[in-house]
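Undergrad: Below is the structure I would like to discuss, written out as structure tokens.
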Amino acid sequence: MTRQILVTSALPYANGHIHLGHLVEYIQTDIFVRFQRMRGHKVGFMCADDTHGTAIMIRAEKEGTTPEKMIAEMSESHQRDFAAFGISFDHYGSTNSDANRAVGEGIWQKLLDQDLVAEKAVPRLFDNQKQMFLADRFVKGTCPKCQTPDQYGDACEKCGTAYSATELIDPKSVFTDTTPELKESQQFFVKLEPMQEMLTEWTQNSGALQTEVANYLLGYFLGKPLQDWDVSRPAPYFGFEIPNQPGNYWYVWFDAPCGYIASTVEWCAKTGDNADNWWRNENTEIVHFLGKDITYFHTLFWPAMLHAAGYNKPKRVHIHGFLQINGEKMSKSRGTFINASRYLELLDPDWLRYYYASKLSNKIDDLDFHSEEFVGKVNSDLVGRVVNLASRSAKFVATTGLSKQYPDDGGLFAKAADMSDTIAAAYESCDYREAMRLIMTCADAANEYVDQKTPWTLRKDPDKAQELQDVCTVVLNLFHQIAVYLTPVLPTLAKKTAALLGDDITSWSQASTPLVGRDIAKFQHMMTRVEAAKVDEMFTPEEVAPSSPTLEKEPLAAEITIDEFQKIDLRVAEILAANEVPEARKLLQLTLGLGGDVTRNVFAGIKGAYEPDKLVGRLVVMVANLKPRKMKFGMSEGMVAAAGTDGEVYLLSPDSGAVPGQRLH
């Protein structure tokens, strides 16, 4: 039966670029989406930039721009990075949109109608030096639960406890490193206790959450009366002002998840659909993917908002762990905080998609990017076990094509086809690690077949042409079958496979039907091996050009045109003779050979830097069309190129292989 599935990834914050940690989630989600599309289901994949909050406002102020301009530029960057990694959103919006304001106002009104909003004065942390109330993420201190230092003012990254910033031990402003004072602020709250029974039932019995998440919520939140949720922030604040409450703005965690619905509204406006068909239709499965650091926002606050407003609650919230690099937390100081754009400068995005897939299970365990493992796994699995199947067989049937009937392969294709449901179940449960393991067993069986049949040997015997065609038909079908199974992970490989075999991969069922009696294209290279040096280079901090004392002493000259530059005739020359000029303090007399019998007499200011007899035979660069100049010691017919400052002199020499008379271009 065809399912209707609305899938979301958590909204990336518009205050920074996409990095490898973000991509764990977006690649994971995209694999799920592509798999569901291949199964024939109706899928909408929504995302947007999370654009509101004090951080955006302050960064824009520092950069001398507006928040609107800054988030527009960041949205371009985010979408460019996502596209490069093959993330196939159906719509990518922004929480700073008219659609999102309308969704937020609609939910707010429903909360008011049900008397689920309270207003009260509460103490909040105020930075006297900055003269502003501090948002949760602008306060750091010691966790009141586990005493871990350097934690933000909303939740502890170590123990997961959520708290108010006012509960932090020894809080400090991240702006001024001063101790903020408590100051009363008029705030608006959503009452959660009236929805506690509903939330308990949904989190514990709906099957929407992983077991460890359900237990975590029961232990920390649902086992005691739920506190009202503070959903407003006083000016100055970049966000949506609360209707009829001037100077008060929705807290970013109120309007950010509304972006899921708003993006659906915008998508439906383009496609002629209706957002209620996705968010108020009981037959729609809403699936959220998100990191463990924002668990309680999506599993307590968000379902409460949805319930109050009459929207569907998620059928599934899949939570994943953090990314570590070589066993340690991502760190800018260690050079392991890698932006997506930096990765793309050096490495293939499909490599990362596969590597993440091979390590992601349906648990909340942290994922470790280990450099050596990354190189080994990609080179061994993708190049050695998968792509190698095509490269070892396609060239032998480039002219004959595939056999008209599928040959006897000892049951290999049928056995792999029988694994279709098992592999699909692993994808469905987000246990991609298990899916990759199963697929690689198919690849191992196919490679064993190749090693037994040795098509490279068969091609040497003209009498075995049919056997060669049959063997290669089997191998290419096993390769195609594996490519179908890997399509959710490796869409680029799927396209290259389609180009080779003339069969676009669009359906999961294609793994169960062999291809026969068709021409194939000339084999084109499908994937390169990972170079360990490139991975190491990715983790090497990019050098920032230092200030140049040399340029300060000798600033760059005024620009010239290419036509002006081309008037200078630079030639390779050989020093045939070098003699001192006794009456000159800095000059040596050089006889330069330009090939054949052509020579030039040049006086060069390199005395003291080089011994004349050691210069003979050396290749140098000379300005060959400089007008001859009459000097006290004779006629100088050119100039040799040298560099240096503060009395130092270094002759410029061409690489070995250059010959006298050659022109520099």
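Undergrad: Please identify the pairs in which a residue from segment 129-158 that is touching a residue at least 40 places away in the same chain (Cβ under 8 Å) and crowded, with 20+ Cβ neighbours inside 10 Å has its Cβ atom under 6 Å from the Cβ atom of a residue that is β-branched (Val, Ile, Thr) and not in a strand (DSSP E or B), counting only partners at least 6 apart or on another chain.
TA: What qualifies is Ala135/Thr54; Phe138/Val174.
Undergrad: So, one more: Could you say whether any residue in segment 390-412 is in a helix (DSSP H, G or I), touching a residue at least 12 places away in the same chain (Cβ under 8 Å), of a type in the set (A, V, I, L, M) and closer than 30 Å to Trp202 by Cα?
TA: no
Undergrad: Counting only residues that are under 42 Å from the mean Cα position of the chain (by Cα) and exposed (fewer than 14 other Cβ atoms within 10 Å of the Cβ), how many does segment 451-474 have?
TA: 4
Undergrad: Can you confirm whether segment 596-611 contains a residue that is among the hydroxyl-bearing types (Ser, Thr, Tyr), surrounded by fewer than 16 Cβ atoms within 10 Å (Cβ to Cβ) and either touching a residue at least 12 places away in the same chain (Cβ under 8 Å) or not in a helix (DSSP H, G or I) (or both)?
TA: Looking for residues that are among the hydroxyl-bearing types (Ser, Thr, Tyr), surrounded by fewer than 16 Cβ atoms within 10 Å (Cβ to Cβ) and either touching a residue at least 12 places away in the same chain (Cβ under 8 Å) or not in a helix (DSSP H, G or I) (or both), one finds none in segment 596-611, hence no.
Undergrad: Continuing with the same structure: Name the residues in segment 624-641 that are among the hydrophobic types (A, V, I, L, M, F, W, C) and either surrounded by fewer than 17 Cβ atoms within 10 Å (Cβ to Cβ) or over 58 Å from the mean Cα position of the chain (by Cα) (or both), would you?
TA: Residues satisfying the conditions are Leu626, Met631, Phe633, Met635, Ala641.
Undergrad: If you take the residues of segment 566-589 that are among the basic types (Lys, Arg) and assigned to a loop (DSSP other than H, G, I, E, B), which of them is surrounded by the most Cβ atoms within 10 Å (Cβ to Cβ)?
TA: Per the stated criteria, the residue is Lys586.
Undergrad: Do any residues in segment 73-97 that are within 18 Å of Tyr355 (Cα to Cα) and assigned by TED's automatic domain parsing to the domain that holds Gly21 have Cβ atoms under 7 Å from those of residues that are surrounded by fewer than 17 Cβ atoms within 10 Å (Cβ to Cβ) and among the β-branched types (Val, Ile, Thr), where the two are at least six apart or on different chains, and which pairs are they?
TA: Cβ pairs passing all conditions: Gly86/Thr492.
Undergrad: Out of Gln524, Gln481, Gln566, I need the residue that is within 30 Å of Asn447 (Cα to Cα) and modelled with pLDDT under 95. Which one?
TA: Unique residue meeting the criteria: Gln524.
Undergrad: Something else now. Within segment 490-528, restricting attention to residues that are outside any helix (DSSP H, G or I) and within 26 Å of the chain's Cα centre (by Cα), which residue is surrounded by the most Cβ atoms within 10 Å (Cβ to Cβ)?
TA: Across segment 490-528, the extreme among qualifying residues is Leu490.
Undergrad: Separate question: Within the bounds of segment 38-46, is there any residue that is in contact with a strand residue (DSSP E or B) (Cβ under 7 Å, 6 or more places away or on another chain) and basic (Lys, Arg)?
TA: There is at least one residue in segment 38-46 that is in contact with a strand residue (DSSP E or B) (Cβ under 7 Å, 6 or more places away or on another chain) and basic (Lys, Arg).
Undergrad: If the requirement is being among the β-branched types (Val, Ile, Thr), over 13 Å from Ile261 (Cα atoms), buried (at least 21 other Cβ atoms within 10 Å of the Cβ) and touching a helix residue (DSSP H, G or I) at 6+ places or on another chain (Cβ under 7 Å), which of these qualifies: Thr66, Thr51?
TA: Thr51
Undergrad: For Asp350, all conditions in the list (1) under 30 Å from Lys191 (Cβ atoms); (2) surrounded by fewer than 21 Cβ atoms within 10 Å (Cβ to Cβ) hold save one; what is the number of the exception?
TA: (1)
Undergrad: If you take the residues in segment 324-335 that are out of contact with any Phe, Trp or Tyr (no Cβ under 6 Å at 6 or more places or on another chain) and touching a residue at least 12 places away in the same chain (Cβ under 8 Å), which one is surrounded by the fewest Cβ atoms within 10 Å (Cβ to Cβ)?
TA: Gly327
Yes/no matrix, rows are residues, columns are (1) part of a loop (DSSP other than H, G, I, E, B); (2) of a type in the set (S, T, N, Q); (3) under 27 Å from Ala48 (Cβ atoms); (4) at pLDDT below 95:
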position: Leu199; (1), (2), (3), (4): no, no, yes, no
position: Lys224; (1), (2), (3), (4): yes, no, no, yes
position: Tyr237; (1), (2), (3), (4): yes, no, yes, yes
position: Pro243; (1), (2), (3), (4): yes, no, yes, no
position: Trp253; (1), (2), (3), (4): no, no, yes, yes
position: Gly259; (1), (2), (3), (4): no, no, yes, no
position: Glu266; (1), (2), (3), (4): no, no, yes, no
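Undergrad: Tell me, which residue of segment 395-425 that is surrounded by fewer than 21 Cβ atoms within 10 Å (Cβ to Cβ) and of a type in the set (A, V, I, L, M) is nearest to Leu501 (Cα to Cα)?
TA: Here the residue is Ala398.
Undergrad: Does Leu217 fit the bill of being at pLDDT below 95 and over 22 Å from Ile294 (Cα atoms)?
TA: Judged against the criteria, Leu217 is not a match.
Undergrad: Now, a different point. Are any of the residues in segment 439-447 among the small types (Gly, Ala, Ser), within 26 Å of the chain's Cα centre (by Cα), assigned to a helix (DSSP H, G or I) and not assigned by TED's automatic domain parsing to the domain that holds Leu209?
TA: Checking segment 439-447: not a single residue is among the small types (Gly, Ala, Ser), within 26 Å of the chain's Cα centre (by Cα), assigned to a helix (DSSP H, G or I) and not assigned by TED's automatic domain parsing to the domain that holds Leu209.
Undergrad: Asp170 - would you say it is under 17 Å from Ile58 (Cβ atoms), at pLDDT 90 or above and acidic (Asp, Glu)?
TA: In short, no.
Undergrad: Using the structure shown, decide if Thr166 is without any contact (Cβ under 8 Å) to a residue 12 or more places away in the chain and surrounded by 13 or more Cβ atoms within 10 Å (Cβ to Cβ).
TA: no
Undergrad: Which one of the conditions (1) at pLDDT below 95; (2) closer than 24 Å to Gly321 by Cα; (3) assigned to a helix (DSSP H, G or I) does Gln204 fail to meet, given that it meets all the rest?
TA: Single failed check for Gln204: (1).
Undergrad: Go over the candidates Leu352, Leu360 one by one and state the one that is over 27 Å from Val474 (Cα atoms), under 19 Å from the mean Cα position of the chain (by Cα), part of a loop (DSSP other than H, G, I, E, B) and not assigned by TED's automatic domain parsing to the domain that holds Val213.
TA: Answer to the selection: Leu360.
Undergrad: Can you go through Thr473, Thr487 and tell me which one is under 16 Å from Ala446 (Cα atoms) and of a type in the set (S, T, N, Q)?
TA: Result of the check over Thr473, Thr487: Thr473.
Residues checked against (1) among the basic types (Lys, Arg); (2) assigned to a strand (DSSP E or B):
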residue	(1), (2)
Leu112	no, no
Asp115	no, no
Lys120	yes, yes
Phe126	no, yes
Gln129	no, no
Pro149	no, no
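The values are calculated or read from the model by the stated rules, or taken from the named source; none is laboratory data. Given the structure is predicted, the values throughout are model-derived calculations rather than measurements. Cβ coordinates were reconstructed from backbone atoms using ideal geometry, including for glycine residues, and neighbour counts include every protein chain displayed.
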